[in-house]
1. Give me the accessible area of Asp57, 1.4 Å probe, in Å² rounded to the nearest 10.
2. Return, in residue-number order, each cysteine of the chain whose C-beta is not under 4.7 Å from any other cysteine's C-beta.
3. Take the alpha carbon gyration tensor of the range 12-53, find the square roots of its eigenvalues, order them as a ≥ b ≥ c, and report rounded if a/c is under 1.5; if not, report prolate when a/b exceeds b/c, else oblate.
4. Dipole of the chain, Cα-centred, from +1 at each Lys and Arg C-beta and -1 at each Asp and Glu C-beta, to the nearest 20 debye?
5. Among Val27, Thr8, Val72, whose Cα projects farthest towards the positive end of the dipole of the chain, with charges put on the beta-carbon of Lys, Arg (+1) and Asp, Glu (-1)?
6. Enter the accessible area per residue of the chain (Å², integer; probe 1.4 Å; all protein chains in place).
7. With each run of n ≥ 4 DSSP H residues scored as -39500 (n - 2.57), what mean residue ellipticity at 222 nm is computed for the chain after dividing by its residue count and rounding to the nearest 500 deg cm²/dmol?
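The values are calculated or read from the model by the stated rules, or taken from the named source; none is laboratory data. Only a predicted model underlies this, so the values are computations on that prediction, with no experimental measurement involved. All Cβ positions, even for glycine, are placed from backbone atoms using ideal geometry, and neighbour counts span all protein chains on display. With ligands, DNA and RNA removed, areas are computed over all heavy atoms of the protein, side chains included. Shrake-Rupley method; radii C 1.70, N 1.55, O 1.52, S 1.80 Å.
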Amino acid sequence: MRLCDVATGLSARIASVYGDDRFVSRVTAIGLTEGCAVEVLQNVKNRPVLVHVRDSDVALDRGDCMRIEVEVVA
């Protein structure tokens with residue numbers, strides 16, 4: 001499942017990050033690494049996805065979220 005597909009209020013764990021070296025470097029610099037837990041705070045169509053990761057809230061472009069694979073945590 002992609003990060004952009006996770007509903008508001010659900011938690012997930014990052015399985016993998018796809019993209020060029022620049023993209024991977026950028027998202028890992030803000031704490032989005034494989035195995036990291038994230039909580040989706042807001043996921044509204046046509047808006048950035050707001051996630052809580054490592055004690056910070058981060059807004060991600062929907063295109064970026066499509067390159068981040070996650071596993072939903074119950």
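1. Its heavy atoms expose roughly 100 Å² to the probe.
2. Unpaired cysteines in the chain: Cys36.
3. Taking the square roots of the gyration eigenvalues as a ≥ b ≥ c, the range 12-53 is oblate.
4. Working: 9 positive and 11 negative charges, 41 e Å.
Here the size comes out at about 200 debye.
5. Highest projection toward the positive end goes to Thr8.
6. That works out to 60 Å² for each residue.
7. Helix contribution divided over all residues of the chain: -4000 deg cm²/dmol.
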